[in-house]
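Report on the structure given below.
The values are calculated or read from the model by the stated rules, or taken from the named source; none is laboratory data. As the structure is a prediction and not an experimental result, all values here were calculated from the model. Ideal geometry is used to build each Cβ from the backbone, glycine not excepted, and the neighbour counts take in all protein chains shown. For accessibility, only protein heavy atoms count, side chains too; no ligands or nucleic acids. Shrake-Rupley method; radii C 1.70, N 1.55, O 1.52, S 1.80 Å.
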Amino acid sequence: MKKVITGNHAVSYGALLSRVEVIAAYPITPQTQVVELLSEFCAEGKLKAKFVKVESEHSAMATCIGASAAGARAFTATSAQGLALMHELLHWAAGGRLPIVLANINRAMAPGWSIWTDQNDSLSQRDTGWMQIYCESNQEVLDSVIQGYKIAEQVYIPLMLVLDAFVLSHTSEIVDIPSQEQVDRYLPPFKPKYKLDVNDPHAFGGLLGPDHYMEIRYLLQKDMERAMEITKKADIEFKEIFGRSYGVIEAYKCEDAEIIMVTSGTVTSTARTVIDKLRERDKRVGLLKIRMFRPFPSKDIKNVLLKAKKVLVVDRNISYGLGGIFFEEIKSVLYYEDKHIPIFGFITGLGGRDVTPNILEEMIEYVETHDKPEEPILWKGVKL
Amino acid sequence: MKIFNLPEKENMRPGHLACQGCGAALAMRYTLKALGEKTIVTIPACCWSVIDGPFPYSSLKVPLFHCAFETAAASAAGIRAGLDIKGLEDINVLAWAGDGGTFDIGIQALSGAAERNENIIYVCYDNEAYMNTGIQRSSATPYGAWTTTTPVKHYKNRPKKDIVAIMAAHRIPYVATASVGYPDDLIRKVEKAKNIKGTKFIHIYAPCPTGWKCKPDDTIKISRLAVETAVFPLYEIENGYKYILNIKPEVKKPVTEYLKMQGRFRHLTEKEIEMIQKEVDFQWKRLLEKCNQN
């Protein structure tokens with residue numbers, strides 16, 4: 001059934017169709033509509049879930065963790081400060097191997113207060129052991145919730161799907177809402193290998209001495225590596241049932257491209273139009289969308305970028321003291337290659353400033369006219 | 001001859017890592033006797049996250065989920081929700097936290113869970129300081145006590161937070177104090193809590209010989225003195241207003257008898273002890289008034 005819905009409601013429908021069993025959430029702009037609609041679904045009896053209306057995001061994640069450990073499919077959604085408050089428990093969920101799915105609406109971190117989009121909230125959680133998927137459209141948002149459980153529950157690693165504040169969260173698009181029957185065929189009920197069970201009592205998360213800790217973390221990394229293939233498989237299976245797929249990356253017009261622009265989130269959609277326009281002028285430019293950020297699709301990225309002469313990365317985020325986060329990750333992926341490709345790292349659109357087609361076009365012009373970047377960070381749009 | 005009629009089945013094994021004379025270990029033993037096997041426990045950072053034993057061991061015979069320091073109540077609420085949605089409503093969910101995890105860092109999550117009236121039993125075993133990290137003051141540390149962060153020259157100069165009143169103010173169905181010195185009373189209260197739906201809060205007095213600088217074999221004696229001096233009275237509050245006094249000492253003993261058994265109060269002068277006595281008398285009078293109002 002096709003409906004015109006916001007990104008936030010796409011999240012809610014994704015959770016509904018995934019038959020989540022426990023929801024714990026705390027309101028924060030721009031996430032509120034996600035939980036408002038879920039509250040209605042629960043109140044109407046459309047969704048048979050326990051919705052725990054907690055007093056903070058910290059408790060939201062703690063409650064999801066408890067519920068998941070008890071064997072229930074758990075869901076939450078948050079944004080920015082809320083995600084930061086959860087930080088300790090993001091480690092707990094991943095370290096505890098609990099396949100919770102969280103929707104994070106990308107919002108810039110305070111101070112000063114900002115409710116507008118950038119990626120520093122989710123990217124600051126890079127090393128918590130969560131998988132991360134960045135979405136470009138409301139359809140992808142809905143589909144990624146469902147895929148999220150499919151992936152997370154196979155590897156016992158929690159998954160965060162990320163969508164841009166307002167650009168997706170509050171923007172309505174046509175979304176094909178799958179039928180429950182289709183989703184049930186794709187996503188089996190959550191039956192964890194281990195759970196809190198009075199008939200099989202165990203202690204979870206007890207003191208780990210130096211003799212054991214490292215192995216437990218090694219296994220988490222190994223399963224993160226496994227998650228890459230499982231994600232690809234889950235995406236193929238998704239296509240078989242729903243007719244759509246996304247990949248862990250998407251290479252757009254990259255085959256013969258001399259310059260490849262790397263993006264994530266909704267900047268990707270803007271970039272598509274820029275690439276199309278420049279292609280009409282016979283410019284050999286392409287676009288690489290990074291959908292999965294953790295685990296990082298290093299091989300897939302390398303396979304695409306090695307064909308290019310120059311690469312430019314658009315970051316709507318910053319690791320203070322170094323540079324754009326996607327930029328740094330992509331540089332490290334290409335380090336061991338014999339072919340040296342100049343990589344240009346642009347930072348733009350922080351705190352929700354528009355990333356227009358013109359801005360992206362100017363970036364490409366800069367790359368065309370320079371052999372290498374003049375600065376480690378190429379700022380775009382700073383008015384100082 | 002049986003003095004008490006306590007459940008014989010043990011749900012805690014020997015071999016745990018508690019110090020000698022640990023009140024917290026006794027508290028768990030009695031609580032699980034009352035709750036039985038159909039119980040899931042969640043424990044945040046506290047002495048008990050060590051007492052239970054390191055991976056892969058556990059001294060409890062029931063499932064245990066170690067949770068983050070400030071999340072005992074929220075984790076228990078999550079476990080409850082997870083069990084309920086699976087139709088396992090008959091399983092007890094026990095949040096088991098120390099005084100630091102309850103009075104201080106965990107009070108927000110606890111207040112949230114209590115306001116929602118989550119169907120959990122929350123036990124705070126109170127040894128009156130951060131004992132697991134080496135005896136640092138908490139807001140449960142009583143006036144006058146030495147700890148490693150309140151040295152004798154700057155002893156704790158604020159009263160113990162009244163957590164029971166705070167919990168009663170949430171108008172939850174059941175709040176009680178209990179003591180390892182009175183196992184029959186403690187077990188009766190846990191059994192009572194087990195049969196009430198909603199949030200149950202039990203504040204258990206649990207001496208710590210290591211931190212209080214007292215003899216391990218005096219744990220019970222000190223626990224009973226705490227009640228006999230009215231330093232830690234045993235009472236219940238139903239639905240936030242109905243106060244019930246459980247034990248009323250015939251002759252209230254002077255607090256000095258209680259204080260002198262513990263090295264943490266050794267530095268106190270007679271004048272300071274007199275002040276503590278006055279405060280205990282005042283609070284005792286207030287409690288009796290509340291109980292008599294019913």
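The requirement of being away from every other protein chain (no Cβ under 14 Å), in a helix (DSSP H, G or I) and either at pLDDT below 95 or open to solvent by 50 Å² or more (accessible area, probe 1.4 Å) (or both) is fulfilled somewhere in the range A:146-156, by at least one residue.
Look at B:Arg171 and say whether it is away from chain A (no Cβ under 14 Å) and either open to solvent by 20 Å² or more (accessible area, probe 1.4 Å) or modelled with pLDDT under 95 (or both). Criteria met by B:Arg171. In the range B:238-294, the residue that is farthest from B:Lys160 (Cα to Cα) out of those that are of a type in the set (Ser, Thr, Tyr) and within 20 Å of the chain's Cα centre (by Cα) is B:Tyr243. Filtering the range A:303-336 to residues that are among the charged types (D, E, K, R) and either within 19 Å of A:Met292 (Cα to Cα) or surrounded by 21 or more Cβ atoms within 10 Å (Cβ to Cβ) (or both) leaves A:Lys310, A:Asp315, A:Arg316, A:Glu328, A:Glu329, A:Lys331. Close contacts from the range B:103-118, counting a first residue that is more than 13 Å from B:Ala169 (Cα to Cα) and a second that is open to solvent by 50 Å² or more (accessible area, probe 1.4 Å) and part of a helix (DSSP H, G or I), with Cβ to Cβ under 9 Å and a gap of 6+ residues or different chains, come to B:Phe103/B:Ile166; B:Ile107/B:Ile166. Residues in the range B:74-91 that are in contact with a helix residue (DSSP H, G or I) (Cβ under 6 Å, 6 or more places away or on another chain) and either among the β-branched types (Val, Ile, Thr) or more than 9 Å from every other protein chain (Cβ to nearest Cβ) (or both): B:Ile79, B:Ile91. For the range B:74-115, residues that are open to solvent by less than 40 Å² (accessible area, probe 1.4 Å), among the charged types (D, E, K, R) and under 29 Å from B:Gln136 (Cα atoms) total 1. Number of residues in the range B:191-227 that are open to solvent by 50 Å² or more (accessible area, probe 1.4 Å) and farther than 30 Å from B:Asp90 by Cβ equals 8. Consider B:Val231 carefully, then state whether it is without any contact (Cβ under 8 Å) to a residue 12 or more places away in the chain, assigned to a loop (DSSP other than H, G, I, E, B), hydrophobic (A, V, I, L, M, F, W, C) and out of contact with any strand residue (DSSP E or B) (no Cβ under 6 Å at 6 or more places or on another chain). When the stated conditions are applied, B:Val231 does not pass them.
Checking the structure you have, find out if any residue of the range A:331-349 is touching a residue at least 60 places away in the same chain (Cβ under 8 Å) and not small (Gly, Ala, Ser).
No - not one qualifying residue is present in the range A:331-349.
Remark: A:Asn120 falls outside the filter, which requires a residue to be polar (S, T, N, Q), within 19 Å of the chain's Cα centre (by Cα) and crowded, with 24+ Cβ neighbours inside 10 Å.
I'd like the full set of residues that are in contact with a helix residue (DSSP H, G or I) (Cβ under 7 Å, 6 or more places away or on another chain), more than 14 Å from chain B (Cβ to nearest Cβ) and open to solvent by 10 Å² or more (accessible area, probe 1.4 Å), limited to the range A:34-62. Within the range A:34-62, A:Leu37, A:Lys46 meet the criteria. Scanning the range B:29-56 for residues that are touching a residue at least 40 places away in the same chain (Cβ under 8 Å) and facing another protein chain (nearest Cβ under 8 Å), we see that the one that is most open to solvent (accessible area, probe 1.4 Å) is B:Lys38. Scanning the range A:93-116 for residues that are surrounded by 23 or more Cβ atoms within 10 Å (Cβ to Cβ) and farther than 20 Å from A:Val145 by Cα turns up just one, A:Ala108.
Pairing residues of the range B:7-28 that are on the phi < 0 side of the Ramachandran plot with residues that are among the acidic types (Asp, Glu) and open to solvent by less than 70 Å² (accessible area, probe 1.4 Å), at Cβ distances under 7 Å and at least 6 apart in sequence or on separate chains, gives B:His16/B:Asp52. Taken together, the criteria place B:Lys252 among residues that are in contact with a Ser or Thr (Cβ under 9 Å, 6 or more places away or on another chain) and of a type in the set (Lys, Arg). Does the range A:255-268 hold any residues that are in contact (Cβ under 8 Å) with a residue 60 or more places away in the chain and either out of contact with any strand residue (DSSP E or B) (no Cβ under 7 Å at 6 or more places or on another chain) or assigned to a helix (DSSP H, G or I) (or both), and which are they? A:Val267, A:Thr268, listed by residue number.
Exactly one residue among B:Thr141, B:Thr71 is away from every other protein chain (no Cβ under 14 Å), more than 20 Å from B:Ala18 (Cβ to Cβ), open to solvent by less than 10 Å² (accessible area, probe 1.4 Å) and not charged (D, E, K, R), and that residue is B:Thr141.
Of the residues making up the range A:161-213, just one is in a loop (DSSP other than H, G, I, E, B), under 30 Å from B:Pro56 (Cβ atoms) and hydroxyl-bearing (Ser, Thr, Tyr), namely A:Tyr194. Test B:Gly82 against the criterion of being at negative phi, without any contact (Cβ under 8 Å) to a residue 40 or more places away in the chain and more than 19 Å from the chain's Cα centre (by Cα), and give yes or no. When the stated conditions are applied, B:Gly82 passes them.
Yes or no, residue by residue, for (1) closer than 30 Å to B:Ile40 by Cβ; (2) within 14 Å of chain B (Cβ to nearest Cβ); (3) aromatic (Phe, Trp, Tyr):
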site	(1), (2), (3)
A:Ile177	no, no, no
A:Arg185	no, no, no
A:Lys191	yes, yes, no
A:Asn199	yes, yes, no
A:Gly205	yes, yes, no
A:Met224	yes, no, no
A:Thr231	no, no, no
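Across the range B:57-68, the number of residues qualifying as within 7 Å of another protein chain (Cβ to nearest Cβ) and open to solvent by 40 Å² or more (accessible area, probe 1.4 Å) comes to 1. In the range A:64-73 there is no residue that is within 20 Å of the chain's Cα centre (by Cα), surrounded by 24 or more Cβ atoms within 10 Å (Cβ to Cβ) and away from every other protein chain (no Cβ under 11 Å).
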